[in-house]
Amino acid sequence: MSLLVVGLSHRSAPVSVLERASLAADTQAKLLQDTLAAEPAVEAAVLATCNRIELYADVDKFHAGVAELSTLLAQHSGVGLDELTPYLYVHYEDRAVHHLFSVACGLDSMVVGEGQILGQIKDALALGQELHTAGRLLNDLFQQALRVGKRAHSETGIDRAGQSLVTFGLEQLAAGADVADWARGKRALVIGAGSMSSLAAATLARTGVAEIVVANRTRARADRLVEILAQPGGTGVAARAVEMAAVRDELTRADVVVSCTGATGLVLTAEAVAEALGLTVDDAVETPAAPAPPAPADVDRHAAWVENGSTGTVRQAVRRAVRRATVPAQGTGPVRLALLDLAMPRDIDGGTARLDGVRLVDIESLAEASADAPMAADVDQVRTIVSDEVAAFGAAQRAAHITPTVVALRTMAAGVVAGEIARLDGRLPDLDEKQRAEISQTVRRVVDKLLHAPTVRVKQLASEPGGAGYADALRELFDLDPQTVAAVSRADLNDPNRGRS
């Protein structure tokens, strides 16, 4: 196994870089195809969310793989390699497995314990399967990551350590008040009809808002979301769909706006929000001067130090310093319009936060708020689960590596037995069927008993760290045909029931 992951996330890069590096769906497909065409990679998968972009690959050369994957990320994200490099992290083999399992459990999320990442990992696997870029290793890896994430949520209280970004965002908008009390009777505008916007609409409905208006570029998807909200046995919230062109008019009636689209530009400008509230951008408060953020190299050095064994205090302090330097000042007066921007790149102009009567919560301010959130004791349990599962996955992969060799050995032994029985038939043609069957069974039992202990023991040894060489030793000792071993591997890889989500 030569698993490599190169990526960047909210823990390594500022939101401004993540926004520019975001990958559209068609760009993700092209990235996977180009990765597979690159010399060091034989498998590839991409995990792209609103706060992380990670490229996974099975490579035969570490340094060449890092260079190639970094270059491909830069090319497809549109961020220059020199600018992107300080924010990239690299994990290899067991450390890469540990990283993905941690991500699947929500340990690496902005809000610890959120479960939406499992759906995003499933989508990443499905794309790799659809494009045939995910082979045996990445199929096994992502399938197991999904199982580990589900195990963490079912066996521990990791859900209590944090909530979804939507829930956490609404809590920030409520500014300490009970969310249900704060939301009751409000009119909400949801911009977008994807998975995150749908979750936002459902969450708002449960909190007791009076009305939800859904605006989306594709009207049919907005209509579908409204139908779901209005289903019998649901929340009973009044809901309607509108065209994107109606957003400005709906702003004048809305109390809460949640936006999460795939747009590459702003969906709500400061001018549009000011106009809806009867203000001008001149009513915005001045943004206080902020100290210069730490240089990327300084952040990277701190992050590397934390990665190598600190408790995370330094990492959080450095990230908070960066975020405080970029988060705009909030407007003054009673909140007339609450804005929640869950998009990456951002949908809502950061300048809206400085308008009187406007409160803005976005990905950046959510990261700042969650950095100070207390960690639940359940997180330690999840970390133990992750460590155990990484060890088990590594052992299973090493054992699987030798299985084709063991199968080839037994195939060769079966061929020897068949040849000797045929030779015996030629030398003793008068044997009756019962005698021939008894002799054949005896010879097979002898061969099976001779091979049993060595093959069981070699599987055990191969599953331990450093056991990869046992397959080579077995092939050398028994002079096994490499093509036979390769044929067994291909048959296993092409099994249609293997690795389907």
### Message
Taking the criterion of being open to solvent by less than 50 Å² (accessible area, probe 1.4 Å), of a type in the set (Ser, Thr, Tyr), under 23 Å from residue 261 (Cα atoms) and touching a residue at least 40 places away in the same chain (Cβ under 8 Å), would at least one residue in the range 202-209 satisfy it?
### Response
no
### Summary
Across (1) farther than 19 Å from residue 10 by Cα; (2) open to solvent by 30 Å² or more (accessible area, probe 1.4 Å), residue 78 clears everything bar (1)
### Query
(1) open to solvent by less than 60 Å² (accessible area, probe 1.4 Å); (2) touching a Ser or Thr at 6+ places or on another chain (Cβ under 9 Å): which one isn't true of residue 410, the others all being true?
(1)
### Task
Could you please let me know if residue 427 is open to solvent by 40 Å² or more (accessible area, probe 1.4 Å) and either in contact (Cβ under 8 Å) with a residue 60 or more places away in the chain or under 30 Å from residue 15 (Cα atoms) (or both)?
no
### Task
Given the conditions (1) touching an Asp or Glu at 6+ places or on another chain (Cβ under 9 Å); (2) open to solvent by 10 Å² or more (accessible area, probe 1.4 Å); (3) among the β-branched types (Val, Ile, Thr), report the number of the one that residue 112 does not fulfil.
(1)
### Query
Are any of the residues in the range 268-287 under 20 Å from residue 187 (Cβ atoms), at pLDDT below 90 and out of contact with any Ser or Thr (no Cβ under 7 Å at 6 or more places or on another chain)?
yes
## Note on the structure
Of the residues in the range 100-109, those that are surrounded by fewer than 24 Cβ atoms within 10 Å (Cβ to Cβ) and either touching a His at 6+ places or on another chain (Cβ under 8 Å) or of a type in the set (A, V, I, L, M, F, W, C) (or both) number 2
### Query
From the list 47, 127, 131, which one is in contact (Cβ under 8 Å) with a residue 60 or more places away in the chain, surrounded by fewer than 23 Cβ atoms within 10 Å (Cβ to Cβ), under 19 Å from residue 196 (Cβ atoms) and under 19 Å from the mean Cα position of the chain (by Cα)?
127
### Any chance residue 15 is of a type in the set (A, V, I, L, M, F, W, C) and either crowded, with 20+ Cβ neighbours inside 10 Å or without any contact (Cβ under 8 Å) to a residue 60 or more places away in the chain (or both)
yes
### Task
Answer with yes or no whether residue 22 is open to solvent by 30 Å² or more (accessible area, probe 1.4 Å), over 30 Å from residue 398 (Cα atoms) and touching a Pro at 6+ places or on another chain (Cβ under 8 Å).
yes
### Message
Being crowded, with 19+ Cβ neighbours inside 10 Å, in contact with a helix residue (DSSP H, G or I) (Cβ under 8 Å, 6 or more places away or on another chain) and modelled with pLDDT of 95 or more: is that true of residue 72 here?
### Response
yes
### Query
What pairs can you find where one residue is in the range 438-464 and more than 12 Å from residue 409 (Cβ to Cβ) and part of a helix (DSSP H, G or I), the other is open to solvent by 80 Å² or more (accessible area, probe 1.4 Å) and at pLDDT below 85, and their Cβ atoms are less than 8 Å apart, with a gap of 6+ or different chains?
461/470; 462/401; 462/470
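The values are calculated or read from the model by the stated rules, or taken from the named source; none is laboratory data. Since the model is a prediction, treat every value here as computed from it, not as a measurement. Counting neighbours? That spans all protein chains shown, and the Cβs are built from the backbone with ideal geometry, glycine included. Side chains are part of the model used for accessible areas, which takes the heavy atoms of the whole protein and leaves out ligands, DNA and RNA. Shrake-Rupley method; radii C 1.70, N 1.55, O 1.52, S 1.80 Å.
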